[in-house]
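The values are calculated or read from the model by the stated rules, or taken from the named source; none is laboratory data. Everything numeric in this text was worked out from a predicted model, so none of it was measured. With ideal geometry, Cβ positions are generated from the backbone for all residues, glycine too; neighbour counts draw on all protein chains shown. We work out accessible area using only protein heavy atoms, side chains counted, and drop any ligands, DNA or RNA first. Shrake-Rupley method; radii C 1.70, N 1.55, O 1.52, S 1.80 Å.
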Amino acid sequence: MTVPYEYFVTMTVGYERERPADLWRSRGDEWEYLSLLDWQWHNIKDTNVKYPPMPEKLHPVSPERAQELEADRQGWVIYWAHYADEADWRDGEKPTTVVRRRESPERRYDESFQIDDTWGPTTVVFEYFHSRASDLPHLVEINPSEAERLVQEISGVARTTEL
């Protein structure tokens, strides 16, 4: 008989209850995480993620809740409207694009919707939160449906936020 998995989440600072950071499962000493980049379960022994989170960071969830979280790909993504600067945002200017972040145990992946109508890597999210530069763009957090609407308005392309 196979031992069932136990499921856990870690929490994203600032979002805690409504947005977990990672989804983990264990069976004895075997640990796996759900990659939020390829949406597959990965055994930590086979990846560059060699250890599960510290026990005090893990919050148990039911198998049913884990299944809901696994199915809700948009729930793992944070979107922002990207403005040239805070003054443009305050003046009611339209955003220049949309950026998003997916964090997964194996790495953080920041993307912007680009001129060629695809999502591509960007450093703007990291710079916005960690840079001391004075000429940074301004980011305003938005939900996935607002991100979809803005991308369609800016570029004319639909269904761009599907993962």
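Would you list the P(r) distribution for the range 24-70, with all Cα-Cα distances sorted into 10 Å bins from 0 and each bin expressed as a whole %?
All Cα pairs considered, the percentages come to 24, 59, 17.
Sort Arg132, Arg101, Arg108 from largest to smallest accessible area, using a 1.4 Å probe on the heavy atoms of the protein chains. Intermediate values should be presented prior to the final figure.
Numbers: Arg132 230, Arg101 20, Arg108 105 Å².
The residues order as Arg132, Arg108, Arg101, largest area first.
For Thr122, what accessible surface area do you get with a 1.4 Å probe? Give it in Å², rounded to 10.
Looks like 40 Å² after rounding.
For the range 70-163, how big is Rg over Rh, using alpha carbon atoms and the Kirkwood form of Rh? Walk me through the numbers on the way to the answer.
On the way: Rg = 13.1 Å, Rh = 13.7 Å.
Ratio of gyration radius to Kirkwood radius for the range 70-163: 0.96.
Expressed in whole Å with the largest first, what are the equivalent ellipsoid semi-axes of the chain derived from the C-alpha gyration tensor as the square root of 5 times each eigenvalue? Numbers along the way, then the final one.
Values: eigenvalues 226, 55, 39 Å².
Here the semi-axes work out to 34, 17, 14 Å.
Starting from the amide H of Ala84, placed 1.01 Å from N in the peptide plane, find each other amide H under 5 Å away whose residue is 5 or more places distant or on another chain.
Thr96, His138
What does the charge count near Thr160 come to, summing +1 for each Lys or Arg and -1 for each Asp or Glu among other residues with Cβ under 15 Å from its Cβ? Intermediate results must be reported in sequence, preceding the final value.
Numbers: positive: Arg73, Arg100, Arg102, Arg149, Arg159; negative: Glu111, Asp116, Asp117, Glu146, Glu148, Glu153, Glu162.
Surrounding charge for Thr160 is -2.
Go through the range 69-78 residue by residue and turn each phi into a ³J(HN,Hα) via Karplus (6.51, -1.76, 1.60, θ = phi - 60°); whole Hz please, and just put x for glycine and proline.
Each residue's phi maps through the Karplus curve to give 5, 4, 6, 8, 4, 5, x, 9, 9, 10 Hz.
Rolling a 1.4 angstrom probe over the protein chains, ignoring ligands and nucleic acids, what is the accessible area of Arg65 in square angstrom, nearest 10?
Using a 1.4 Å probe on the heavy atoms, I get roughly 90 Å².
Could you state the accessible area per residue of the range 64-126 in Å², with a 1.4 Å probe and every protein chain left in place? Don't jump to the answer; show the numbers that get you there.
On the way: 3450 Å² over 63 residues.
With all protein chains present, the range 64-126 gives 55 Å² per residue.
Scan the chain and hand back the longest stretch that contains none of the GluC sites (Glu not before Pro) lying in DSSP loops with at most 16 other Cβ atoms within 10 Å. List each step's numbers first, then the result.
Details: sites that count: Glu93, Glu106, Glu162.
Longest site-free region, per DSSP loop and neighbour criteria: 1-92.
Helix 144-155 versus the longest principal axis of the chain: what is the Cα-based angle in degrees, 0 to 90, to the nearest 10?
It works out to around 40 degrees.
Leaving ligands, DNA and RNA out of it, work out the accessible area of Lys45 with a 1.4 Å probe and give it in Å² to the nearest 10.
The accessible area of Lys45 comes to roughly 130 Å².
Each residue of the range 48-64 in order: what ³J(HN,Hα) in whole Hz does its phi give by Karplus 6.51 cos²θ - 1.76 cosθ + 1.60, θ = phi - 60°, with x for Gly and Pro?
Karplus-based 3J(HN,Hα) across the range 48-64 equals 7, 8, 8, 9, x, x, 4, x, 6, 8, 8, 10, x, 9, 6, x, 5 Hz.
Give me the distance between the Cα centres of the range 80-143 and the range 1-77, rounded to whole Å.
26
Counting pairs of alpha carbon atoms under 8 Å apart in space and at least six apart in sequence, what relative contact order in percent does the chain give?
Values: 265 pairs, mean separation 30.8, N = 163.
For the chain, the relative contact order is 19 percent.
Find me the longest stretch of the chain that has none of the exposed chymotrypsin sites (Phe, Trp or Tyr not before Pro), where exposed means in a DSSP loop (not H, G, I, E or B) with at most 13 other Cβ atoms within 10 Å.
Numbers: sites that count: Tyr15, Trp39.
Result for the longest clean stretch: 40-163.
Quantify, in whole percent, the carbon and sulfur part of the accessible surface of the range 1-107 (1.4 Å probe; protein heavy atoms only). Provide the component values of the computation, followed by the final result.
Details: 3170 of 6480 Å².
It is 49 percent, rounded to a whole number.
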